[in-house]
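Trainee: Submitted below is the structure of interest, expressed as structure tokens.
The values are calculated or read from the model by the stated rules, or taken from the named source; none is laboratory data. Just so you know, these numbers come straight off a predicted model, no measurement behind them. Note that we place each Cβ from the backbone using ideal geometry, even for glycine, and neighbour counts take in every protein chain shown. For the accessible areas, the whole protein counts, side chains as well, though only heavy atoms, and no ligand, DNA or RNA atoms are used. Shrake-Rupley method; radii C 1.70, N 1.55, O 1.52, S 1.80 Å.
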Amino acid sequence: VVVHTPPEVTIQARPEQIFTGGAHDAVTFKAVLSGEPALWNYAWDFGDGDTAIGQRVMHTYRQSGTFEVTVTLSDPLLRTAQTYVFSTEIEVSSRK
């Protein structure tokens, strides 16, 4: 039996100041993994009804507010039956 260490993930959002209502408002989200390197599937939920797939994704918020961003990791090689969920809150502001 091989036991794999669960991953630890940090969610990065760039730019850190997030706005709505103008050009260049796309936010890049990246899941930064620490621990045992492995092949993972990444499923994102941006907290506003939109989703994406991939370790690094882009998203544009259409309204201001506080959103919980979640990334779910699953093992495509089925070495583990578990999925791992990581989340963070972000604040999106209106342009003034």
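Trainee: What are the residues in the stretch 51-83 that are in a loop (DSSP other than H, G, I, E, B) and either without any contact (Cβ under 8 Å) to a residue 24 or more places away in the chain or open to solvent by 100 Å² or more (accessible area, probe 1.4 Å) (or both), if any?
Mentor: Scanning the stretch 51-83 gives G54, R62, Q63, L77, L78, A81, Q82.
Trainee: Somewhere in the stretch 26-46, is a residue in a loop (DSSP other than H, G, I, E, B), open to solvent by less than 60 Å² (accessible area, probe 1.4 Å), at pLDDT 95 or above and not acidic (D, E)?
Mentor: Yes, there is a match, as at least one residue in the stretch 26-46 is in a loop (DSSP other than H, G, I, E, B), open to solvent by less than 60 Å² (accessible area, probe 1.4 Å), at pLDDT 95 or above and not acidic (D, E).
Trainee: While we're here: Residues being out of contact with any strand residue (DSSP E or B) (no Cβ under 6 Å at 6 or more places or on another chain) and not aliphatic (A, V, I, L, M): count how many of those fall in the stretch 26-47.
Mentor: Residues that pass the stated criteria total 2.
Trainee: Would you call I18 touching a strand residue (DSSP E or B) at 6+ places or on another chain (Cβ under 7 Å), of a type in the set (A, V, I, L, M, F, W, C) and modelled with pLDDT under 90?
Mentor: It is true that I18 is touching a strand residue (DSSP E or B) at 6+ places or on another chain (Cβ under 7 Å), of a type in the set (A, V, I, L, M, F, W, C) and modelled with pLDDT under 90.
Trainee: Also, I was wondering about something else. Could you check the stretch 33-83 and list, in sequence order, the residues that are within 10 Å of the chain's Cα centre (by Cα), within 21 Å of E8 (Cβ to Cβ) and of a type in the set (S, T, N, Q)?
Mentor: Answer for the stretch 33-83, where residues must be within 10 Å of the chain's Cα centre (by Cα), within 21 Å of E8 (Cβ to Cβ) and of a type in the set (S, T, N, Q): Q55, T70, T72.
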